[in-house]
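The structure appears right after this line, and notes come after that.
The values are calculated or read from the model by the stated rules, or taken from the named source; none is laboratory data. Worth saying up front: this structure is predicted, and the values here are computed from it rather than measured. Positions of Cβ are generated from backbone atoms using ideal geometry, with glycine treated the same way; all protein chains shown enter the neighbour counts.
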Amino acid sequence: MNSRAITTNVWFWLSLAALIVLGVFILYPLINVLASSFGAARADGRSGWQILLAEPKYLRAVSNTVLLGLVVTLTTTLIGVPLAYVTARFRFPGKALIAILPLTTLIVPEVIAAQTWLMMLGNNGLITRTLGGWGIPVPSFYGWSGLIIVMTFIYYTYIYMGTLAAIRGFDQQLEQAAQSLGAAPGRARLDVMLPVVLPAILASALLVFTLVVGNFAVATILGHKVELLSVITYQTFVSEIGNDPVMQSTLASVSIGIVAIALFVQRFVLSRGRYEITLGRGAKPVDIKGAPAFALAGAAAVVVLISLLPLASVIAGAFTRARGPVMRWGEWTTANLERVLINAPDPIINTLIYAGIATALSLIFSTGVSYLLVKKRNALTPAIDYLAALPLALSGTVIGIGLVMSFNQGWLSLTGTAAIIVLAYLIRRLPFGVRNASSTLYNIPNSIEEASISLGVPPLRSFVAVVLPLMIPAIAAAGVLVWTTTVAELSASIVVYSGGRETLPIQIFRLIDSGLMAQASAYGLVLVSIILIPIVVATTVFRLDIFGAK
Amino acid sequence: MGGISIEDVSVSYAGNRVIERLSLTIPNGSFFTLLGPSGCGKTTLLRMLAGFLPVESGRIRFGETDVTETPPHRRDIGMVFQDYALFPDKTVFDNVAYGLRARKRDEATIRRKTGEYLERVGLSGFEARRPAELSGGQRQRVALARALVIAPRLLLMDEPLSNLDAKLRVQVRETIHDLQRESAITTVFVTHDQEEALALSDAIGLMRAGKIEQMGPPGEIYAAPVSSYVADFVGAANVVAIRLAGGVEAGGLARFRLANQDIAARAVSWLNEGEAWLLARPEDILLLPTGSGSGLAATILRRQYLGSRTHYRVRLGDDGPVLTVECTGADHARFAPGESVEAVLEPARTLVAPR
């Protein structure tokens, strides 16, 4: 066997190892979930699917979930697309504020967003009571209205960012070409820009739909009487522990199916109009003045203010005196923070340890996997590619249930350990890490590595000497993003965690459930700081382009 | 003795046979160019010499050493890439010193040699810069110095000039030419640009679909192409379908009719009677005013004045083939469109190739 065959084989064996790891921790749990939904192990002998079709509660949950997904996708598009267009094409007073929008979604975890909206508009909320005191009745925030409003303001930034990038990359010459051919400016924009920007809008819309369908925190806290799939799945899981996991896996399979159908529809729509989009020079923003400028600035300001509301409320809530569930607005105290930092810091410590380990492992694994995917393609890499992207289509609840079902006992018993929480974190953030590292690697031409090899440095050392240094800034930026999204993770960790291993989001969720908003806010403020500090340090001290990495 | 030899080599890429049983010897110290259109296999052949692509069958020898199984980092090659492939995070000095450091030379030697080669490519004083602070031409000079400073057994260049604009291309081309002649390092140069190939090479291998169609010094490739493909690729050529009345031996004069007139041309190889190609370079056709009596009757269709020369499109006879003719010298633009002229195709400079 010659030496080249050996080096080829090193990559093959590494690919095989990666494939096995992914197979065990992603595919095997998924198959477990899907398979046990067909089991007929219940006392009455019906399979999960028979029960699902027989009980209206479950069917309502499915239709409610799809409906909520569609409505929120629509509302976020209606806010996100115009906002992106206006930001890309115009200059108006106060525009700089809009630039911080992506940050708000990132630094305010969903559970805190839901909580703070409740603190304002819930039955005991500040706004509800103030307006009520003036004799203005405020409709209940629980149910559809709360779900739609909160999810809209959490998720519209995804549409905004996706569309903004597409409009900025849109070659203005195409628009000018259309105008030169006699199309009116508005018409030209619609005719030429829309088809080019549409794939980006569709992709981010699908992302939002997936996130809404999988959303656990907002759905549970605000859903109330509206049955939703993720809530019912979680409740079934909690009540089925120790019993046959039939219903939880059936419900989990349904949510997988909904996302799969959405993915399929998106692929179908995009494949009908396949064209190459060449990124060109985007148009320069145009100044606008007078009444239109005020109208624009006003509308943008409303969006920004609403987006910042959770942040402001969590800070206020953390420093507000509370007696049990009653917030005494206007009376300030540091007792809440003292309590969470000194008396009960366990959730903070747990979060730091678990997320720290998960982030480090995630960076190492996704860098390695991406290197195989981009630079060392072989017969196994397409399978690795699919498996690594699979968690995108799975909600946190589904991933959590799959892990508990698969590693509850037997050869690898992880239930009750910290390892299963770290594993849940890793799996949920894997597609993100891999996509990030891959795009960096695609931008590093093969010739650089080959130049090093041609100068006499063996392949592996060449990678370390010339490729890795070029990846470091991107890896660091990805690290910050993986960290921020991992410390905020709730839906998978709440399924797999065990007593004493509460993380911050889990603890906040439990406190909200008990109505202890002040303490929840205090933990929330700690969580936001844990998220915000690395971002601030990375962008100001190390000048990393974190949002460019996304 | 010595030289680079490729013996009966086949290469497949993604299931396709890209190089088919190719053999080739490149003498020590010579500058060899692989010329051909994209997809002809020239880059594949180069990457195979570097060791980045495995051969399916056959041997590769650098002198007496069989390197067929040797991985690239042990082949002692220098490589210059189309996109320069400089290490963007390293300074110019560190880029050039990279190969010497890999060879564990002592620091004093590294300093001396790196300085020497940077001076040779005209980049003394640029040591501390990073690639992003250099122009395209400067970057390619750094890449050249980096590949040459290790005094490789074989220098490989993959379209190193194609990312440069026309003026820089000529400058860097001269640098490459001078450095290679000075160092006498055996060089394989890949390009699709015939002018580069003609200007730089000791020998050119013109490739077509994974095979070498013709190999020889630039003058031979240009003046004596073996086929219409070579004639058309190296320098423009008028290629006209003709019918031979009888067979001709190689180098002999073939006689045939063109636009209802008798004409003769040199056969590039042994030809049977029947269909053949007539090859005539635009600059080898002479245009004379009507009545000179020595050429074929023709009409000017179009004229393009290019300053130092004029290009004409000329129809032979009334409905014969249309040829491109390049005229230089005094009064090269004297014929007007619509004018009747005579076109002289001199038998010695006009070729007939098999179809």
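Does B:Val352 fit the bill of being modelled with pLDDT of 85 or more, part of a strand (DSSP E or B) and touching a helix residue (DSSP H, G or I) at 6+ places or on another chain (Cβ under 7 Å)? Give the steps one after another, and end with the answer.
Details: modelled with pLDDT of 85 or more: yes; part of a strand (DSSP E or B): yes; touching a helix residue (DSSP H, G or I) at 6+ places or on another chain (Cβ under 7 Å): no.
So B:Val352 fails the test.
Across segment B:76-96, what is the number of residues that are facing chain A (nearest Cβ under 8 Å) and touching a strand residue (DSSP E or B) at 6+ places or on another chain (Cβ under 7 Å)?
Final tally of qualifying residues: 5.
Among the residues of segment B:196-217, write down those that are aliphatic (A, V, I, L, M), in contact with a Ser or Thr (Cβ under 7 Å, 6 or more places away or on another chain) and surrounded by fewer than 22 Cβ atoms within 10 Å (Cβ to Cβ).
Just the residues of segment B:196-217 that are aliphatic (A, V, I, L, M), to begin with: B:197-200, B:203-204, B:206-207, B:209, B:212, B:215.
Now drop any that are not in contact with a Ser or Thr (Cβ under 7 Å, 6 or more places away or on another chain), which leaves B:197, B:200, B:203-204.
Answer for segment B:196-217, where residues must be aliphatic (A, V, I, L, M), in contact with a Ser or Thr (Cβ under 7 Å, 6 or more places away or on another chain) and surrounded by fewer than 22 Cβ atoms within 10 Å (Cβ to Cβ): just B:Ala203.
Can you give me the ranges of the helices (runs of 4 or more DSSP H) entirely in segment A:460-550 with at least 2 residues that are over 30 Å from A:Asn336 (Cβ atoms) and out of contact with any strand residue (DSSP E or B) (no Cβ under 6 Å at 6 or more places or on another chain)?
Working: elements: A:468-487, A:493-496, A:504-513, A:517-536.
Correct list: A:468-487.
With respect to A:Ile421, is the statement that it is crowded, with 24+ Cβ neighbours inside 10 Å, within 12 Å of another protein chain (Cβ to nearest Cβ) and part of a helix (DSSP H, G or I) true? Full working, then the answer.
On the way: crowded, with 24+ Cβ neighbours inside 10 Å: yes; within 12 Å of another protein chain (Cβ to nearest Cβ): no; part of a helix (DSSP H, G or I): yes.
Answer is no for this residue.
Looking only at segment B:64-102, count how many residues are loosely packed, with under 15 Cβ neighbours inside 10 Å, of a type in the set (Val, Ile, Thr) and assigned to a helix (DSSP H, G or I).
0
Give the residue, chosen from A:Leu53, A:Leu68, A:Leu34, A:Leu59, that is assigned to a helix (DSSP H, G or I) and within 20 Å of the chain's Cα centre (by Cα). If you could, list the steps in order and put the result at the bottom.
Numbers: A:Leu53 fails: within 20 Å of the chain's Cα centre (by Cα); A:Leu34 fails: within 20 Å of the chain's Cα centre (by Cα); A:Leu59 fails: within 20 Å of the chain's Cα centre (by Cα).
A:Leu68 is the lone residue from the list that is assigned to a helix (DSSP H, G or I) and within 20 Å of the chain's Cα centre (by Cα).
Any residue in segment A:430-439 that is modelled with pLDDT of 90 or more, more than 14 Å from chain B (Cβ to nearest Cβ) and surrounded by 23 or more Cβ atoms within 10 Å (Cβ to Cβ)?
Step one: of segment A:430-439, the residues modelled with pLDDT of 90 or more are A:430.
This time we only want the ones that are more than 14 Å from chain B (Cβ to nearest Cβ), so: A:430.
Add one more test, that the residue is surrounded by 23 or more Cβ atoms within 10 Å (Cβ to Cβ), and what stays is A:430.
Yes, segment A:430-439 contains at least one residue that is modelled with pLDDT of 90 or more, more than 14 Å from chain B (Cβ to nearest Cβ) and surrounded by 23 or more Cβ atoms within 10 Å (Cβ to Cβ).
Which one of these does A:Leu414 not meet: (1) more than 10 Å from every other protein chain (Cβ to nearest Cβ); (2) more than 23 Å from A:Ala18 (Cα to Cα)?
All conditions pass for A:Leu414, except number (2).
If you take the residues of segment B:145-175 that are in a loop (DSSP other than H, G, I, E, B) and among the charged types (D, E, K, R), which of them is farthest from B:Ile26 (Cα to Cα)? Reasoning before the result, please.
From segment B:145-175, those in a loop (DSSP other than H, G, I, E, B) are B:149-153, B:159-165; that's our starting set.
Cutting the leftovers down to among the charged types (D, E, K, R) gives us B:153, B:159, B:165.
Numbers: B:Arg153: 12, B:Glu159: 19, B:Asp165: 30 Å.
Looking at the filtered set, the residue picked out is B:Asp165.
Anything in segment B:114-144 that is part of a helix (DSSP H, G or I), hydroxyl-bearing (Ser, Thr, Tyr) and over 14 Å from B:Ile176 (Cα atoms)? List them, or say none. Give the derivation first.
First pass over segment B:114-144, keeping only residues part of a helix (DSSP H, G or I): B:114-120, B:131-133, B:136-144.
Imposing the further condition that a residue be hydroxyl-bearing (Ser, Thr, Tyr) reduces the set to B:114, B:117.
If the condition is that a residue be part of a helix (DSSP H, G or I), hydroxyl-bearing (Ser, Thr, Tyr) and over 14 Å from B:Ile176 (Cα atoms), then B:Thr114 is the only one that fits.
Restricting the search to segment A:111-139, which residues are touching a residue at least 40 places away in the same chain (Cβ under 8 Å) and exposed (fewer than 15 other Cβ atoms within 10 Å of the Cβ)?
Within segment A:111-139, just A:Asn124 meets the criteria.
Looking at B:Arg111, B:Arg105, B:Arg61, which is the one that is part of a strand (DSSP E or B) and either at pLDDT 95 or above or more than 23 Å from A:Asn446 (Cα to Cα) (or both)?
Values: B:Arg111 fails: part of a strand (DSSP E or B); B:Arg105 fails: part of a strand (DSSP E or B).
Exactly one of B:Arg111, B:Arg105, B:Arg61 is part of a strand (DSSP E or B) and either at pLDDT 95 or above or more than 23 Å from A:Asn446 (Cα to Cα) (or both), namely B:Arg61.
Does A:Pro445 qualify as being within 30 Å of B:Leu154 (Cβ to Cβ), within 14 Å of another protein chain (Cβ to nearest Cβ) and surrounded by fewer than 19 Cβ atoms within 10 Å (Cβ to Cβ)?
Numbers: within 30 Å of B:Leu154 (Cβ to Cβ): yes; within 14 Å of another protein chain (Cβ to nearest Cβ): yes; surrounded by fewer than 19 Cβ atoms within 10 Å (Cβ to Cβ): yes.
So A:Pro445 fits the description; yes.
When residues of segment B:34-54 are filtered for being crowded, with 19+ Cβ neighbours inside 10 Å, more than 8 Å from chain A (Cβ to nearest Cβ) and either among the aromatic types (Phe, Trp, Tyr) or in a loop (DSSP other than H, G, I, E, B) (or both), how many remain?
Total meeting the criteria: 4.
Within segment B:237-248, track down each residue that is assigned to a loop (DSSP other than H, G, I, E, B) and touching a strand residue (DSSP E or B) at 6+ places or on another chain (Cβ under 7 Å). Break it down into steps so the answer makes sense when it comes.
The initial filter retains those residues of segment B:237-248 that are assigned to a loop (DSSP other than H, G, I, E, B), namely B:237, B:245-247.
Listed by number, the residues that qualify are B:Ala237, B:Ala245, B:Gly247.
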